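Working notes, structure below.
Read the figures in this text as sums done on the coordinates, not as results from a lab. If you're wondering where the values come from, they're calculated on a predicted model, not measured in any experiment. Positions of Cβ are backbone-derived with ideal geometry, glycine not excepted, and every protein chain shown enters the neighbour counts.
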Amino acid sequence: MEDLLPAILKTLFIIAIAVGAFAPIITWVERKQSAVMQDRIGANRADIAGITLLGLLHPLADVLKLLTKEDVVPQGANRFLHMLAPLIAAIPVIASFAVIPYGGIYEFGETTINLVVADLDWGILYVFAIASVATYGTVIAGWASNNNWSLLGSLRASAQMISYEVTMGLSIVGLFMAFQTLRLTDMALAQDTTFRLLGFLEHFGLFQALPAWLSWIQLPNWGLFLQPLGFLMFLTCVMAENKRPPFDLPEAESELVAGYFTEYSGMRFGLFYMSEFIEVVVIAALTTALFLGGWAIPFLPQETIIGAITPVFGAGVATGLCMVLHVLTFFSKVIVMIWLQMQIRWTLPRPRYDQVMDLCWKIMLPLSLANIVVTALVILAITGGKP
Amino acid sequence: MTAQAFFFYFAAALAVISALGMVLNVRNTVAAAMSLVVTMIALAVVYVVLEAHLVAALQIMVYAGAIVVVFLFVVMLLNLRSDAFSAPRQRLLKAAGGLLALGITASFLALIPTALPAVQELPEGFGGYRAVGLELFTRFVLAFEVSSLLLLAAMVGAVVLAKRRID
């Protein structure tokens, strides 16, 4: 039971940061950014005694408005499932934070601190499993609303989400092969190193040993550099899973009013709305852990940082400082990934539904399979078949 | 009671209750399908308690996450009512279903061992993706390849059925 307290603290920390701080702030960022991109001033009206804080009070005003709105259940709808659907959509998204490491493993004398809530051996599979349950939220929402637009939206959502789940899984198999693990902590640890960009020349006997100046050309051992195609495909798939533009076909307002949540009001609509934004944070955190080196600072491995600070402050403080630095690095990378998603969301128009499905089955699926084969061949060439 | 025992009994009870909910929910097919999802997830919890982590993840990803969604998809599109089949045919279907259920129950009863086997120490990494993958590609490679052929045939069949015109 002594594991319980740290686990609760870590859970509270990640929920407070991701759900409590990031999600409301990015609703504001989204409004501000769309305003900048469309040459408007943007959200700036909500104020408390004349203080607007650049519009940062809008999330607060939204919550107040949603809480005081009437919670309408349409006539002829299945009341129980209608009320349940937003919860099914929101809870799995929040639960995915359990396996995402936001810091490394630190040793303070006797105690070891591992900054992840549940360090599962099958971590990434847990994320996929949980994400596939979230599909039911949208499907049930559309059906239980007794509305044709909603039903069409949820049919689109279920087909789109199932299709992209397939490619999402396949697109990172190459990454599993490269890091030889499914545990997210181990993946991030493996990315806390560097590799020589031209090291393969030495391996294949073109050089006895690389000249020193060529050895200096190094890259961090990030998933992004090992699996660039995998990164692009994974990002596309998770964005399609999240159903935000340009993949917002299930809620295309020009065709389906608001799609699967047309009949939702008040805080139940708010749950759908928030789970979308929380998923933006989940996607950012997951791609950071998988492809952007997690908490690792490029070219500065953990031992180097601790080794450099220890003579000044002592081992305990050095480890603590390193931990703080790593957590800050992780969240900075998360912010970059959120920014990238926002850029994509406000840049690209929405394609037609058949184009979205074609992209998945006719382009991404063959590409992801090819990626797996090529990765396997490269690994075979490097290791020579030895495990 | 240990935490494992608690989770096992909780998940097992949930699985049985939701399975009953699926069978008894004859009026509302979508609610029945959702009960099936709960059964699948409860079974996954049982697998986790049994240290079969990979199977648990696959159970949720494949059964709960994909197959039942497709069920729901079909149910929603067809909007089946109970009068879709004629009364004699319904009686026939019910009798056939009852017989099948009896047969399966009988064979299960025959399979249940009377005494519990001795508790074995699990090897390191039991039920993980490494152990299962190694077994799958060494000892059971033939079965693996045969089942992939079967799936390929099913896929081709689905494409042929779904396509209106094959050129």
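Counting only other chain Cβ atoms within 10 Å of each residue's Cβ, the peptide A:270-283 averages 0. Fully extending the segment from A:PHE80 to A:PHE225 would add 47.4 nm, taking 0.36 nm per residue of separation and subtracting the current Cα-Cα distance. Quick one: grab the alpha carbon gyration tensor of region A:79-194, order the square roots of its eigenvalues as a ≥ b ≥ c, and give me rounded if a/c is under 1.5, else prolate or oblate depending on whether a/b is larger than b/c. Cα axes put region A:79-194 in the oblate bin. Per-residue shielding of A:171-183, expressed as the average number of other chain Cβ atoms within 10 Å of the residue Cβ, stands at 1. Computed on region A:1-95, with alpha-carbon pairs under 8 angstrom and 6+ residues apart, the relative contact order is 18 percent.
Across peptide B:63-72, the average count of Cβ atoms from other chains found within 10 Å of a residue's Cβ is 5. Oblate is the label for region A:243-387, because a/c, from the alpha-carbon gyration tensor with a ≥ b ≥ c as root eigenvalues, is 1.5 or above and a/b does not exceed b/c.
Each Cα pair under 8 Å and six or more residues apart adds its separation to the average, and for region A:241-335 the resulting relative contact order is 24 percent. Modelled label positions at A:PHE313 and A:VAL166, each set 7 Å beyond Cα in the direction of Cβ, lie 5.2 nm from each other. Listed by chain and number, the aspartates and glutamates whose alpha-carbon sits under 14 Å from that of A:LYS243, ignoring those within fewer than 8 places in the same chain, are A:GLU165, A:GLU251, A:GLU253, A:GLU276, A:GLU279. Per-residue ellipticity at 222 nm, computed for the protein assembly as shown from helices alone with -39500 (n - 2.57) per DSSP H run of at least four residues, works out to -21000 deg cm²/dmol. Paramagnetic label reach from A:SER265 (point 7 Å along Cα→Cβ; backbone nitrogen cut-off under 20 Å): within region A:126-157, residues A:141-151. Working from Cα pairs under 8 Å separated by at least six residues, relative contact order for region B:32-155 is 29 percent.
Multiplying each eigenvalue of the alpha-carbon gyration tensor of chain A by 5 and taking the square root yields semi-axes of 39, 27, 20 Å, largest first, rounded to whole angstroms. Taking other C-beta atoms within 10 angstrom as a stand-in for reagent exposure, A:LEU64, B:LEU142, A:LEU340 fall in the order B:LEU142, A:LEU64, A:LEU340, fewest first. Highest mean packing first, where packing is the average number of other Cβ atoms within 10 Å per residue, the peptides A:144-154, A:287-297, B:110-120 line up as A:287-297, A:144-154, B:110-120.
Here region A:1-105 is treated as a sphere whose radius is the Kirkwood value from Cα pairs; by Stokes-Einstein at 20 °C and 1.002 mPa s it diffuses with a coefficient of 124 µm²/s. For chain B, the alpha carbon convex hull comes to 190 Å³ per residue, rounded to a whole number. With r defined as the distance between the Cβ atoms of A:VAL72 and B:LEU100 and R0 fixed at 30 Å, what FRET efficiency is calculated, to the nearest 0.05? FRET efficiency, A:VAL72 to B:LEU100: 0.10. Placing unit charges on the Cβ atoms of the charged side chains and taking the dipole of region A:239-387 about its Cα centre, the candidate lying farthest along the positive direction among A:GLY320, A:LEU300, A:ILE283 is A:LEU300.
Computed over region A:309-387, the Cα gyration tensor eigenvalues convert (square root of 5λ each) into semi-axes of 40, 28, 7 Å, ordered from largest to smallest.
Placing +1 on the Cβ of every Lys and Arg and -1 on the Cβ of every Asp and Glu, with nothing else charged, gives region B:89-167 a dipole about its Cα centre of roughly 760 debye. Candidate membrane-span-like segments in chain B, meaning DSSP H helices with Cα atoms spread over at least 18 Å of their own axis and a Kyte-Doolittle mean of 1.6 or above, are B:3-24, B:29-49, B:141-162, with no membrane implied. For region A:1-46, what is the per residue volume of the convex hull drawn over the alpha-carbon atoms, in cubic angstrom? Convex hull volume per residue, Cα atoms: 53 Å³. Helices in chain A that qualify as membrane-span-like (whole DSSP H runs, Cα extent of at least 20 Å along the helix axis, mean Kyte-Doolittle hydropathy of 0.0 or higher) are A:23-37, A:79-95, A:123-144, A:148-171, A:228-242, A:266-291, A:315-347, A:365-383. Protection proxy ranking, highest mean first, for peptides B:21-31, A:86-96: A:86-96, B:21-31, where packing is the per-residue count of other beta-carbon atoms within 10 Å, averaged.
Taken about its Cα centre, region A:40-130 carries a charge dipole of about 640 debye when Lys and Arg each add +1 at the Cβ and Asp and Glu each add -1 at the Cβ.
At q = 0.19, 0.25, 0.33 Å⁻¹ the log10 of I(q)/I(0) for region A:42-85 amounts to -0.65, -0.85, -1.09, computed by Debye summation with a single uniform scatterer per C-alpha, solvent ignored.
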